[in-house]
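A short worksheet on the structure shown next.
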Amino acid sequence: MVPPPDPEVLAAGVRRGDRATIARAITVVESTRPDHRAAAARLLTDLQATPATATRVGITGVPGVGKSTFIDEFGSMLTAAGHRVAVLAVDPSSTRTHGSVLGDKTRMERLANDEAAFIRPSPSAGTLGGVARSTREAMVVLEAAGYDVVIVETVGVGQSEVAVSGMVDTFLLLALARTGDQLQGIKKGILELADVIAVNKADGEHAVEARQAARELSGALHLVAGADQDAWRIPVLTCSALTGAGVPEVWDAITQHRAWLAKSGRLEELRAEQRVTWMWDTLADQLMTRVRTHPAVLAELDAITAQVSAGQVAPGEAAHTLLALAGLT
Ligand code: GDP
């Protein structure tokens, strides 16, 4: 087996902003190999000594809403303004969701060829907890390397949004207007996570209906908002990822949200909560890995799974047996 890279050498290369070392460091933090985990832990402890000042933005929306087109435009706008932009993706189901590959470089051509940007696709293997852990750790690497805007892309289905909202400062929901008053791509629950909403594809013949949809949603959101004057009011904007119209305003809304977080003391609170969640996610991921890779578990797993599947053994009892086999009871 190839020996794990030296964490000190990795940390120095990351701090220098060396792209090959950054990629190598992320591979190490994504790895579940025990020797890699040990190297990753030392690397992260070292890198975390750098204060985290980057702006962390989550972006979600249903497949086809225009996430990759938006990130390409948005990211290029930011690098042109002097920012260094990293793009990560969280897609635990697989690297492929309804035909779109999250974080795929070919979907963000301009940004992929931009020296001031770094794009990393979602780790394909593992549980949501595992993917969330390695994404958080990749963020530490990228922030230490000097990327000051970190974008985490996720698809608008399932639990991934909750995981991503737990690792960013501001969560941007991209939505679509459709004929009538219905906004597509907004499921209950996601609205509660969104800090900024942008109705995309507000161009050509759809510009009018996009603005109409944004006004309606904005009105509805302000109706349900409480009377607290200091609370964050979710802005509902329109934009066109294709033409770039409205994209600077989305960045303005994100920086306003972050300023509000900082001013209200919420940013520190949020990051403190996120660190605790991160600890639990890491623990859950490591326990799961220990159980799933334990030789005694592997020897019995097929038989136990078949018995549970056939209803011969209760799932709870089987779970207990697996924990016991892994030496965890
Ligand atoms: P994703 O699946 O959310 O990443 O969506 P894509 O970025 O791949 O976009 C899906 C399709 O919508 C592509 O054909 C894009 O060219 C198109 N698209 C994306 N943004 C816009 C936009 O602002 N206006 C228009 N008219 N089309 C767009």
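The values are calculated or read from the model by the stated rules, or taken from the named source; none is laboratory data. Owing to the predicted nature of the structure, the values given are computational and were not obtained by experimental measurement. Heavy atoms of the whole protein, side chains included, go into the accessibility calculation; ligands, DNA and RNA do not. Shrake-Rupley method; radii C 1.70, N 1.55, O 1.52, S 1.80 Å.
Points worth noting:
- For A245, the residues whose amide H sits under 5 Å from its own are S240, ignoring neighbours fewer than 5 places away on the same chain, with H placed 1.01 Å from N.
- Taking all protein chains together and a 1.4 Å probe, the residues D230, D72 rank D230, D72 from largest to smallest accessible area.
- Using alpha-carbon coordinates, inclination of helix 247-263 to the longest axis of the chain, degrees: 70
- Helix 207-224 and the longest principal axis of the Cα set of the chain meet at an angle near 70°.
- For the chain, the mean residue ellipticity at 222 nm estimated from helices alone is -16500 deg cm²/dmol, where every DSSP H run of n ≥ 4 contributes -39500 (n - 2.57) and the total is divided by all residues, rounded to the nearest 500.
- Remark: relative contact order (the chain) = 17 percent; criterion is Cα-Cα distance under 8 angstrom and separation of 6 or more residues.
- F118 - accessible surface, heavy atoms, 1.4 Å probe, Å² rounded to 10: 20
- C-alpha long axis of helix 266-293 to longest principal axis of the chain, angle in °: 40
- Accessible surface comparison of T69, T305, probe 1.4 Å, protein chains only, largest first: the order is T305, T69.
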